[in-house]
Amino acid sequence: MIRLSVITPVFNEEEALPAYLDAAVEWDCVHELLFVDGGSTDGTLEMLGGLDVLHSAKGRGTQCRLGAEHATGDAFVFVHGDSIVPAESMRAIHDALASGVSWGCLSLRFTKNTLDRKIGWWTANARVRWTGIPFGDQTMFMTQEIYESVGGMPDIPIMEDYELSRRLRAICRPKQLRDKVYTSPRRFESDGNIRAMVLMRHLRHLYRKGVAVEELAHMYGEGRRQNAELRK
C-alpha cells in the first residue's frame, strides 16, 4: 500500500474549509494530512485545531514546498483549501500511484456551475489531454521520487504549478483520472471567467518568454483588481 501525503496550502479559508474537511474525513487511504498556513487572519487556524499545521510565508509555491519537505509519504497529493476531493477520487489517486503511475491529476469541476464556468472546467481538462499541463486546482499528485527528481515545487510567487508541470512533463506525460475534484469558482466570480482565462493565458505566454515572476505576480494582482472593478 502506497502512503499518500496530502499537502494543502491555506490562507484565510474559513468559508471553504468545512466542505474540505467533511470530505477529508472519508479519506481512508491517506497516510498523513498536512496544512501549510500562509498567515491567516480569519478563523482558519481555529478550524484546523488538532491537525498538523505548518507555518510559512504566503504563496502556494512556498507553502507547498514546505509541506513536501515535511511529508513522510511515498507520494504527494496537492489539494487546494477550497477544493472538495470525494473519497472515491482520493482512492483512485492511491490506486493509480500504486499501479505505477508517476504523476497526474483529477478532472476539474466547479462547486457551482453556469455556462461560462462549464467552459472553464472543460477547457482546463482538455488542456491536460492536449498539452500534458495540469494546474493546482486539478489536484496534482506524484510520487516522491519524480517530485524530487525535478527539484520539487518551485518557490516562486506565481506559476509554481505551471512550472512544476512543465518539468514533470519533460519526464513523462501525466495521467488524468476521470474521477473528479470540485473546486470553488470564487476566483471566476470575482474576476469573470473569460477575463480570468485571458489574463492567465497572457501571463503564461510572458513567463515562457522569460519575464520575471515578480513582474508577473504584480501584473496578476493588477489584472484581478481591474477585473473586479469592471464587475462592480
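Observations
- 12 Å beta-carbon shell around residue 6, net charge (K/R +1, D/E -1): -1
- Neighbour-count ranking [beta-carbon atoms within 10 angstrom, fewest first] of 29, 64, 172: 172, 29, 64
- Charge dipole (Cα centre; +1 on Lys/Arg Cβ, -1 on Asp/Glu Cβ; no other charges) of the chain amounts to roughly 1460 debye.
- Cα gyration tensor category, rounded, prolate or oblate, for the chain with a/c compared to 1.5: rounded
- Net length available on complete extension from residue 171 to residue 14 is 52.8 nm, with 0.36 nm assigned per residue and the Cα-Cα distance removed.
Read-outs: derived from the displayed coordinates by stated rules, not from any lab. Because the structure is a prediction, the values reported are computed rather than measured. Ideal geometry is used to build each Cβ from the backbone, glycine not excepted, and the neighbour counts take in all protein chains shown.
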